[in-house]
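The values are calculated or read from the model by the stated rules, or taken from the named source; none is laboratory data. Just so we're clear, the structure is a prediction, and the values are computed from it rather than from any experiment. Note that we place each Cβ from the backbone using ideal geometry, even for glycine, and neighbour counts take in every protein chain shown. Side chains included, ligands, DNA and RNA excluded: accessible areas come from the protein's heavy atoms. Shrake-Rupley method; radii C 1.70, N 1.55, O 1.52, S 1.80 Å.
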Amino acid sequence: MSEMGAEVSYQKFHPEGNQFHPLHFFSGPDSYTLLENVSCASYGVNVAGIIRAPRGDGKESIVLVTPYDFINGGDYESLSLGIVSSLFSLLSRVTWLSKDIIWLVADSRYGDYRPVAAWLTEYHSPSFKVSDLLKCDELNTADTFRRAGTMAAALVLKVDGRSERFEDTLSIYAEASNGQMPNLDLINVVNYLAVHRQGFYVKLEKVVSLLSSSWLKIFGEIFEAVGKLAHTLNPDWNFGIPAADYLEGSATLASSLYSQALGIPTGPHGAFRDYQVDAITLKVSPRFPPHSKTRQHDFFLRGARLLEGTIRSVNNLLEKFHQSFFLYLLTSPSKFISVGVYMIAFALLVAPLPMVAASLYIDGCKALTNSTHNPAENFKSWKWLDAAKQVFALHLLGFIVTLLPYFICQLPGQHSPRNRSIMWGTTSSSLLLITFVTIPGCSPFSSRLHRNNWAVLKSVTIAAAFIGLCLMSIINFATAEIGALLLVPTCLMAQPIKPALRSRSIKSLLGALCSLVLVTIGFPVMFFAISKGLLGEGIVGLSLGGEFWTWLESLWAWKSATYLYIGMVHLPCWLLCLCILFHPS
């Protein structure tokens, strides 16, 4: 880099510990837990080079990132270094640059995300305290960290494996933490240049199991037939879509929704979104093996031209991307569903909740008034307090259950994920039993509930679910959308099964059966197993608890708000629906 005229700096970092701490959950991106007893041999070194723009004032910059394992780097990682190195050499000689260029070679021995996050932390929030890393190596990294201007955009390039197609494949990864997405214009620029200028086959991640789904294929054929029929009636109606495109779009949409709902970044670009920098990861799969020298020149040329075209597009902007969407779901590299469209589906799901809650409350108050002859109990404004007490107690229990993994992780000794999940489940069940015993009327089997109406409890439960889903839609809409698909039908269909069994009518029995099925599917562990089956990973057996713990561990390690939603909104509402189901009416 220095021979190209760039300013070179080094930055050392330690690997990050994966330990849940409740007080750090909503902390900034610069807060992390270091592994204990780390030695000088365990730190990583990032190398950054900066080219100052001849036509710029140093206030803006563009970042290029290439993860590279300095110890066990493979041939494909060397290809990514070669592409960016050739482009960096070209950019050091051009005169049209108006934004500084930063090339970060991230030490990926501890993953691709951690080195980029550590470098960004030092870039935006420099630490002035003396670090133990300064005495670990002969590299003099003290007071040599170089900075450029505000980052306008960032591109992460990885060459990963040989393409399964007969052409070079470019995969775009855009999802960041808690469903954050870069501005859609950045994806559009890369997709247009890759397809129409360099001839790459651009793809996004898909739920592969949906591509072979027979029922989804039937829906696609129906929509295709309806579109053709509409086009014959009126040639201006061109809303038809081929069945194959419908399958591809549905699989891509499901993957985009699932990735955003998890709240886990799909690449090192996620570290940039924590600082509101538009960034994506470009994973290129060449159609030739890495040892083929005849095709490397063409691959280098096309890859470098793609990056150069993107840099030129961002370099010519007077301001950051802001005209397009930040909230969207991708169905293909060139098609998307905007926030104005998918918000309608969520609104239609949650809109009945307040109306049903109000109707149930009125009916419950009337039934309770007619069933009692005590004038002191006829104050309608206080009849919801018993139900509200039960709802509050179970939500408080959900909060405690959410914090339990922190205390489980503090236990001495090495415990497997399966054992930790057993301890978590046993402790949570014990706390639930204690709650039922200590709080009168909280248990569905309590005798105090015989004089209360289950409709009031269901009314307060629906109100709590409505508030939780609306709050979650502000933080991560994809999580709120999936949560509404599970929670809204469960809350609306929940009803006591004892009256249905006594009446033995077909309608009542079907309603009770639907309630049981929805409550069973809505249990977090059960839904996790079903989702693994839909994703093609298969439903595991005895190791389900360990798999679920590992999944939750990844959520809290990345500070995903989905973890809080599961513990503090979904689980308490599921328990309340269970109480309604076994209500002694």
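Once you have a ≥ b ≥ c as the square roots of the Cα gyration tensor eigenvalues for region 73-125, tell me rounded if a/c is under 1.5, and otherwise prolate or oblate according to whether a/b is larger than b/c.
In terms of gyration-tensor shape, oblate.
Once amide H atoms are placed 1.01 Å from N in the peptide plane, what residues at a sequence separation of 5 or more from Phe325, or on another chain, have their amide H within under 5 Å of its amide H?
Close amide H contacts, sequence-distant or interchain: Leu184, Asp185.
Per residue of region 301-308, what does 6.51 cos²θ - 1.76 cosθ + 1.60 with θ = phi - 60° give for ³J(HN,Hα)? Whole Hz please, x for Gly and Pro, Karplus curve as stated.
Each residue of region 301-308 in turn: 5, 5, x, 5, 5, 4, 5, 5 Hz.
Sorting check: for 207-218, 569-580, which peptide has the highest mean count of neighbouring beta carbons within 10 Å, and how do the rest follow?
569-580, 207-218
With the other protein chains left in place, how much accessible area per residue, in square angstrom, belongs to region 243-356 at a 1.4 angstrom probe?
In whole numbers, region 243-356 has 44 Å² accessible per residue.
Sort 52-65, 310-323 for me by packing, meaning the mean count of neighbouring Cβ atoms within 10 Å per residue, highest on top.
In decreasing order of mean packing, 52-65, 310-323 become 52-65, 310-323.
List every residue whose amide H lies under 5 Å from the amide H of Asp69, counting only residues 5 or more places away in sequence or on a different chain, with H placed 1.01 Å from N in the peptide plane.
Hits under the 5 Å cutoff: Gly74, Ser108.
What pairs from Lys320/Lys559; Lys366/Lys507; Lys217/Lys532; Lys217/Lys458; Lys293/Lys532; Lys206/Lys498 go past 32 Å between their alpha carbons?
Lys217/Lys458; Lys293/Lys532; Lys206/Lys498, as the Cα separations exceed 32 Å there.
For the ranges 89-98, 257-266, 554-563, what's the packing order if you count other beta-carbon atoms within 10 Å of each residue, average per peptide, and put the highest first?
Those peptides, ordered most packed to least, come out 257-266, 554-563, 89-98.
With θ set to phi - 60°, apply the Karplus curve 6.51 cos²θ - 1.76 cosθ + 1.60 along region 323-340 and write out the HN-Hα couplings as whole Hz, x wherever there is a Gly or Pro.
6, 9, 8, 10, 10, 6, 10, 8, 10, 6, x, 10, 10, 8, 10, 7, 5, x
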